[in-house]
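Structure first, commentary second.
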Amino acid sequence: MMHDILDLERYPLDQPDSAAYADLVKRCQADLKADGMFNLEAFMHPAPIARTLDYVLPKFDTEAFRHERKHNIYFKKSIPDVAADSPLYTEFSTSNLTLCSNQVSDTPVRQIYDWQPFVSFLSAVMRRAALYPMADPLAGLNVIAYRDGQGLNWHFDRSQFTTTLLLQALIKGSTFLYRTDLRSADDPNHAGVEKLVRGEDPDVQALDAAAGTLNVFRGVNTPHCVTPAIGERPRVVSVLTYFETPGAMFTDEERLGFYGHTS
Ligand SMILES: [Fe+2]
């Protein structure tokens, strides 16, 4: 059944004892080390992508939460050793339409999210003893659309890694941009961050991904953004969040911030 959803010939997640599986884990770990991310192209088959889009696209018109916020690159009001008038506090706006976990429970992406071999594969690549889906009714699996003019602005992630599955890509606009290792645990590199915020960093790279690509990304020290979408078709991406402890829940405050409601 999962064969109908994922390309398990190319990515044998269902055969964890095989040499091909070990090679895949190694390849992903090497990519993570070199680029701060790995991509599995055509991981999800076109038919279940189409089924998911048929299910979610109408919901973006009727029941999605319109997530709009202004934030600086740190998502913080104050940063140690930085003066209040610093350009580092430049605010950007982020805008998308979000569907919560309990709004996408009947979709193939939900089956992927809960599929133990997928979770085990991520644990192996990320060198975690175990990972678990969230128990939160809203968080855990979200499907997000970026419509004309909407985007995700520059930020550092607060989570150790982010897992996304791209469901619909755009030809123009809505490009994922990132700047690898702009800071480190020892060096906040405020001068470098300021340059990025001013749009003057020559080392910004673009990821050109097609629908069906699985992307796992370490964004704690690699700021990234999604440029505004252009045109009628939205960019649609599912975000899969795992924790190292079972049963993870958001607080009411987090639910309000991400989804505009708490249940
Ligand atoms: Fe992020």
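The values are calculated or read from the model by the stated rules, or taken from the named source; none is laboratory data. As the structure is a prediction and not an experimental result, all values here were calculated from the model. So basically every Cβ, Gly included, is an ideal-geometry build from the backbone, and we count neighbours across all protein chains shown. For accessibility, only protein heavy atoms count, side chains too; no ligands or nucleic acids. Shrake-Rupley method; radii C 1.70, N 1.55, O 1.52, S 1.80 Å.
Can you list the chymotrypsin sites (Phe, Trp or Tyr not before Pro) in the stretch 67-135 that are in a DSSP coil and have 14 or fewer other beta carbons within 10 angstrom?
Taking the stretch 67-135 and a limit of 14 other Cβ atoms within 10 Å, the loop chymotrypsin sites (Phe, Trp or Tyr not before Pro) found are Phe75.
Could you give the alpha-carbon Rg of the stretch 122-246 over 2.2 N^0.38 Å, rounded to two decimals?
Relative to the 2.2 N^0.38 Å estimate, the stretch 122-246 comes out at 1.13.
Looking at the chain as a GNM with Cα springs under 10 Å, which of Ser123, Ser174, Ser238 has the largest mean-square fluctuation?
Judging by the Gaussian network model, the answer is Ser123.
When a/c reaches 1.5 or more, the comparison of a/b and b/c decides; with that in mind, is the stretch 66-157 rounded, prolate or oblate per its Cα gyration tensor?
Oblate is the answer for the stretch 66-157, as a/c is 1.5 or above yet b/c matches or exceeds a/b.
Which is the longest run of the chain containing none of the GluC sites (Glu not before Pro) found in DSSP loop states (not H, G, I, E, B) with at most 11 other C-beta atoms within 10 Å?
Answer from the scan: 92-199.
Pick from Ser184, Ser93, Ser105: which is most flexible by mean-square fluctuation in a GNM of the chain where alpha carbon atoms under 10 Å apart are linked?
Answer for the Gaussian network model of the chain: Ser184.
For the chain, compute the number of Lys pairs whose alpha carbons are separated by less than 27 Å, excluding pairs fewer than 8 positions apart on the same chain.
8
Would you calculate, for the chain, the mean residue ellipticity at 222 nm contributed by helices, counting each DSSP H stretch of 4 or more residues as -39,500 (n - 2.57) and dividing by all residues, to the nearest 500?
The per-residue figure over the chain is -8000 deg cm²/dmol.
So which trypsin sites (Lys or Arg not before Pro) in the stretch 168-208 pass both tests, a DSSP loop state and at most 10 other Cβ atoms within 10 Å of the Cβ?
Lys172, Arg198
Using only Cα atoms and rounding to the nearest 10 degrees, what angle (0 to 90) does helix 19-35 make with the longest principal axis of the chain?
Long axis of 19-35 versus the principal axis of the chain: about 10 degrees.
So, with +1 on the Cβ of K and R and -1 on the Cβ of D and E, and no other charges, what is the size of the charge dipole of the chain about its Cα centre, to the nearest 20 debye?
So the dipole magnitude of the chain works out to roughly 220 debye.
Tell me the Rg and the Dmax, in Å, that the Cα atoms of the stretch 198-241 produce.
For the stretch 198-241, the Cα radius of gyration and maximum Cα-Cα distance read 12.8, 33 Å.
What number comes out for the charge environment of Asp201, summing +1 per Lys or Arg and -1 per Asp or Glu over other residues with Cβ under 9 Å away?
+1
Rolling a 1.4 angstrom probe over the protein heavy atoms, how many square angstrom per residue are accessible across the chain?
In whole numbers, the chain has 49 Å² accessible per residue.
Can you report the principal axis dimensions of the chain using only the alpha carbons, biggest first, rounded to whole angstrom?
56, 43, 37
Got a number for the accessible area of Tyr178? Probe 1.4 Å, square angstrom, nearest 10.
In the full protein context, Tyr178 sits at about 20 Å².
When the C-alpha atoms of the stretch 107-168 are aligned to their principal axes, what extent does each axis show, in angstrom, from largest down?
40, 29, 22
Could you give the distance between the Cα centres of the stretch 181-208 and the stretch 1-34, to the whole Å?
What the calculation gives is 32 Å, centre to centre.
How far apart, in nm, are two points set 7 Å out from the Cα along the Cα-to-Cβ line at Thr251 and at Glu200?
A separation of 3.8 nm, rounded to one decimal place.
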